[in-house]
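Working notes, beginning with the structure itself.
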Amino acid sequence: MAGVTRYGDGLAVVTVTYSPGETLDTFLSTLAGATTRPVAVVLADNGSTDGAPERAAAASPSVTFLPTGGNLGYGAAANRGVASLSDEYGWVVVANPDVSWDPGSLDVLLEAAKRWPRGGAFGPLIHEPSGEVYPSARQLPSLGRGLGHAVFGKVWPGNPWTREYRQETAEVRERPAGWLSGSCLLLRREAFDSVDGFDPRYFMYFEDVDLGERLGRAGWLNVYVPDASVTHIGGHSTSKMSNRMLAAHHSSAYRYLSDRHQGPLWAPLRFAVRTGLGLRLRLVTRRS
């Protein structure tokens, strides 16, 4: 088809850095054991001040330091990283720099991709540092599920909306999902291109939910592959900005829901959602 780029079978990893500290060393050292294939690594840097990304790039010819020119947010920086790759790379991993890779995990994801020719995104099982499994393969947040989870998730963790949304009781098996956590995704670059990558309007949070939905609408699958596993160490660069991150989360949640309920008929609902999320933000900010 005219205008469609034909990519090679090369593998690249794009990670968005923002003063990642020593977690980046763990990310890169464990990545070496995650696959037997050669990997090109792009550090899409949003303005680090700790020198860690520059040191990592200087230490390895396979690692490229790519300044984005400012703090663009996660999705926009990831897009820059993917766009910087040559056409030989048809497989791209987008992952947080605070991920630790289990041995062989990337090869397991690539093997799964052979079984799912319409798979656009593939996500591993994600462990918390405690060993607990994070629910990283979820249903899309419909209005009912999304609002139920937002309102009751903190005060009533076992509520039916949260359980359904997070798929906490679903069988742990390889399966399609509504969306996959953006903390670690193997992407078929053709699929990523077909939806123009991440929506850069999401500074942080919900960019992965939005991507998963748009991939699905374009005819691709989001495939959960629990035989591959990683550990998400979590939050090094955002640990000192919890209130700011909470605000970003609520803002992105409103954008996601309001984008899908446009027009004057939905205006009262959008107002109610914005008001409810604003009240929730004040409550959780005060509690934090």
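Read the figures in this text as sums done on the coordinates, not as results from a lab. For clarity, every value in this text was computed on a predicted model and none was experimentally measured. No Cβ is skipped: glycine too gets one built from the backbone with ideal geometry, and neighbour counts run over all protein chains shown.
Details
- Region 1-150, dipole about Cα centre (Lys/Arg Cβ +1, Asp/Glu Cβ -1), debye to the nearest 20: 660 debye
- Estimated at 0.36 nm per residue, the fully extended path between LYS114 and TYR134 surpasses their Cα-Cα distance by 4.7 nm.
- Working ranking of peptides 100-110, 131-141 by packing, defined as the average number of other Cβ atoms within 10 Å per residue, highest first, is 100-110, 131-141.
- Burial order of peptide ranges 80-90, 117-127 (average beta-carbon count within 10 Å, highest first): 117-127, 80-90
- Cβ crowding within 10 Å averaged over residues, with 42-48, 64-70, 189-195, 259-265 ranked highest first: 42-48, 189-195, 64-70, 259-265
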